[in-house]
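The values are calculated or read from the model by the stated rules, or taken from the named source; none is laboratory data. Quick caveat: nothing in here was measured; it's all calculated off a predicted structure. When we count neighbours, we look across all protein chains shown, and the Cβ atoms used for this are built from the backbone with ideal geometry, even at glycine.
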Amino acid sequence: MSENSHSGEYTHRQILTILSGLMMGMFLGALDQTIVSTSIRTIADDLGGLSVQAWVTTAYLITSTITTPIYGKLGDNYGRKKLFMFAITVFIIGSALCSFATSMYQLAAFRAFQGLGAGGLFTLVLAIIGDIVSPRERARYTGYFMAMFGTSSVLGPLIGGFFAGQAVILGIDGWRWVFLVNVPIGIAALAVVYRTLHIHHTPRHIRIDWWGAISLVVCLVPLLTVAEQGRQWGWDSPRSLACYVIGAIGLVAFLLAERAMGAAALIPLRIFRLRPAAVTIAASVLVGVAMFGGIMLIPQYMQIVHGASPTEAGLLMLPMVVGMMVGSIGSGQVISRTGHIRWFPIVGSAVMVVGLLLLSRCGADTPMIWVSLSMLVLGLGLGNCLQPILLIVQSSVPPTEIGVATSSATFFRQIGGTLGVAVFLSVLFSTLGGNVQDELVTASQTPEWQQAVAEGHVFDPSTIAQVQDDSSFIEELPPVFAHPFQVGFAESMDLVFLIAAGVGVIAFLILLLLPPVELRATSASVAARAEADAS
C-alpha cells in the first residue's frame with residue numbers, strides 16, 4: 001500500500017500496523033523525557049551546575065516548541081512520513097551530541113539541537129492518528145499509547161537511574177549513556193516507521209510561513225531567556241527590559257505575519273474565532289505550566305529530600321503514571337461509547353489542582369504513602385485533561401487543517417511548560433538559600449545539633465552557597481546537619497506546587513467556558529479526500 005494509493009477508511013489491522021511505527025517514534029521521545037528527568041540531578045552535580053539546570057530543560061523545550069507548528073504545517077502540505085523520519089534522525093544526532101557535553105551550557109546547546117527533532121515526534125504522531133481515525137473512534141486506540149507511555153515511564157527511570165548510578169561504563173561516564181541509549185532505539189524506530197507507515201496524503205501546495213516562524217523565534221527566545229535569568233539579572237535590569245521589548249516586537253511581527261498569510265499562516269488566527277478551539281488552547285497553556293513545572297520537580301524532591309537514588313526516584317513516580325493511564329484510558333473508553341467529552345477536561349483540571357495542593361503539603365518528613373497518593377491524584381487529573389483537550393481542538397477545525405490544529409494545541413501546551421519550568425526553577429532557587437539559612441538557624445539551637453558538635457562534627461557554612469550548584473554533599477552530612485537542607489528544599493518546592501495549583505485553578509475557570517462539542521465520525525483523511533473530490 002503506497003502513500004497515495006489508499007482511497008477509503010483504514011481497517012483495524014491497517015491501523016494497528018501504522019500504530020506500531022508511530023509508537024516506536026513516540027516511545028523515543030517519551031523515554032528520553034523520563035530518563036533525563038530522573039538523572040538530571042546527577043548530571044548537574046557532575047558538571048557543577050545544579051542551579052542552571054533550567055537551561056538544559058528550557059533549551060530543549062524552546063526548540064521543540066518553536067518547531068512544533070512548523071512540523072504541523074509542513075505535514076499538512078507535503079505529507080507526514082518523510083517528515084517524521086527526518087525528525088527521528090535529527091533527534092538521534094542530537095542525542096549523540098549530548099553524550100559529549102563537558103559543561104551544562106554545552107549540554108543545553110546540544111539539547112536545543114535535539115529539540116529540533118523532538119518537535120516533530122509527538123506532533124506528527126498525533127496528526128497522523130487524526131488522519132486515519134475519527135475522533136470518536138480514536139479513544140479505542142488510546143490504550144496502546146498509554147501502555148507505551150507507561151512502559152517508557154517504568155523503563156526510563158530504571159535505565160536512567162542505572163546509567164546515572166554508574167561511575168563509568170565501557171570507559172564512558174555512566175550518565176552519558178542516558179543520551180547514547182537513544183541512538184540504537186532511534187535507528188530501530190526509523191526502520192519500523194519506514195516499513196509500516198503507509199498513509200494516504202492529499203497534496204496541498206500552500207506557502208510556508210517563514211516570516212511567521214522567524215518572528216516567533218524573535219518573540220519567544222528573549223521572553224523565555226528572561227524567565228530563566230530574571231532572578232540573577234534582576235527583573236527590571238536593562239537586560240531584562242531589553243528582552244521584554246524584543247519579545248513584544250516579535251509578538252507584534254508574528255501577529256502581522258499571520259494576518260498577512262491568511263490560510264497559509266503557521267498558526268491561522270481564525271482558529272481562535274472557534275470558541276472550542278480558543279478555550280482549549282488557552283487552557284492548554286495553563287495546563288502546560290502546571291504539568292511541566294510541577295512534574296519536573298517531583299523526582300528532585302524524591303532524591304534531595306528523601307535521599308532516593310535516581311532509579312528509586314523514577315519508580316516512586318509510578319503512582320502518577322498509573323493515575324495518568326487510568327484517567328486517560330477510562331476517559332477514552334467513555335468518550336468512544338458516548339461521544340460526550342465536555343466535562344472530562346473540566347473535571348480533570350479540578351482533580352489536577354487537588355493533586356498539586358496535596359503535593360504542596362508534603363514536607364521533608366512527610367510519609368511516602370501521602371506523597372504517592374498525592375501523585376496518584378495529580379496523574380488522574382492530567383489523564384482526564386490532556387487527550388480530551390486535543391480531541392476537542394481536532395474536531396473544531398476543518399479536516400485539512402488537523403495538522404495545524406494538533407501542532408497549535410501542542411505548541412501552546414509546550415509554551416506553558418517551557419515558561420513553567422523556567423519560572424518555577426527560578427522560584428525554587430531564589431527562595432532556597434533563605435529557607436535553608438532559616439532552618440539552619442533553628443536547627444543549631446536544638447540539643448541534637450549541640451550533641452553533634454560536641455562529638456566533633458563541624459558544619460561548614462560555605463555549603464549554603466554550594467547547594468545551588470551541587471546537592472550531592474547533603475547525603476554525606478550527618479543527619480542533623482542534612483535535615484535543614486532537606487527542609488529548605490521541601491519548603492521551596494511546596495511554594496512551586498502551590499503556584500502551579502493556582503495556575504490550575506485559572507485553567508479550570510477557562511474550561512468552564514467550553515461549549516458542547518460534537519466529535520467527528522469520520523477520519524480527517526477521508527473527510528479531506530471527500531472535500532477535494534467535491535471541489
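Below, the figures for the structure above:
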| read-out | value |
| --- | --- |
| Selected residue [part of a helix (DSSP H, G or I), surrounded by fewer than 24 Cβ atoms within 10 Å (Cβ to Cβ) and at pLDDT below 75] from 161, 130, 150 | 150 |
| Odd one out for residue 321, checked against (1) in a helix (DSSP H, G or I); (2) touching a Leu at 6+ places or on another chain (Cβ under 9 Å); (3) aliphatic (A, V, I, L, M) | (2) |
| Qualifying position, being modelled with pLDDT under 80, out of contact with any Leu (no Cβ under 7 Å at 6 or more places or on another chain), farther than 21 Å from residue 292 by Cβ and of a type in the set (S, T, N, Q), among 444, 396, 472 | 472 |
| Residue in segment 376-395 that is more than 21 Å from the chain's Cα centre (by Cα) and not assigned by TED's automatic domain parsing to the domain that holds residue 247 present | yes |
| Condition check for residue 366: assigned by TED's automatic domain parsing to the domain that holds residue 303, among the hydroxyl-bearing types (Ser, Thr, Tyr) and surrounded by fewer than 24 Cβ atoms within 10 Å (Cβ to Cβ) | yes |
| Number of positions in segment 61-106 that are of a type in the set (Ser, Thr, Tyr) and over 15 Å from residue 117 (Cβ atoms) | 5 |
| Residue in segment 494-503 that is of a type outside the set (Val, Ile, Thr), in contact with a Phe, Trp or Tyr (Cβ under 8 Å, 6 or more places away or on another chain) and either modelled with pLDDT under 85 or in a loop (DSSP other than H, G, I, E, B) (or both) present | no |
| Test: residue in segment 338-345 that is modelled with pLDDT of 85 or more, under 19 Å from the mean Cα position of the chain (by Cα) and either more than 30 Å from residue 476 (Cα to Cα) or not aromatic (Phe, Trp, Tyr) (or both) | yes |
| Subset of segment 292-318 that is assigned to a helix (DSSP H, G or I) and at pLDDT 80 or above - its residue that is surrounded by the most Cβ atoms within 10 Å (Cβ to Cβ) | 303 |
| Any hit, segment 259-278, residues being outside any helix (DSSP H, G or I), surrounded by 20 or more Cβ atoms within 10 Å (Cβ to Cβ), in contact with a helix residue (DSSP H, G or I) (Cβ under 6 Å, 6 or more places away or on another chain) and among the small types (Gly, Ala, Ser) | yes |
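Matching residues to (1) in contact (Cβ under 8 Å) with a residue 24 or more places away in the chain; (2) aromatic (Phe, Trp, Tyr); (3) within 29 Å of residue 53 (Cα to Cα); (4) part of a helix (DSSP H, G or I):
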{"site": "340", "(1), (2), (3), (4)": "no, no, no, no"}
{"site": "345", "(1), (2), (3), (4)": "yes, no, no, yes"}
{"site": "348", "(1), (2), (3), (4)": "yes, no, no, yes"}
{"site": "353", "(1), (2), (3), (4)": "yes, no, yes, yes"}
{"site": "363", "(1), (2), (3), (4)": "yes, no, yes, no"}
{"site": "381", "(1), (2), (3), (4)": "yes, no, yes, yes"}
{"site": "395", "(1), (2), (3), (4)": "yes, no, no, yes"}
{"site": "402", "(1), (2), (3), (4)": "yes, no, no, yes"}
{"site": "410", "(1), (2), (3), (4)": "yes, no, yes, yes"}
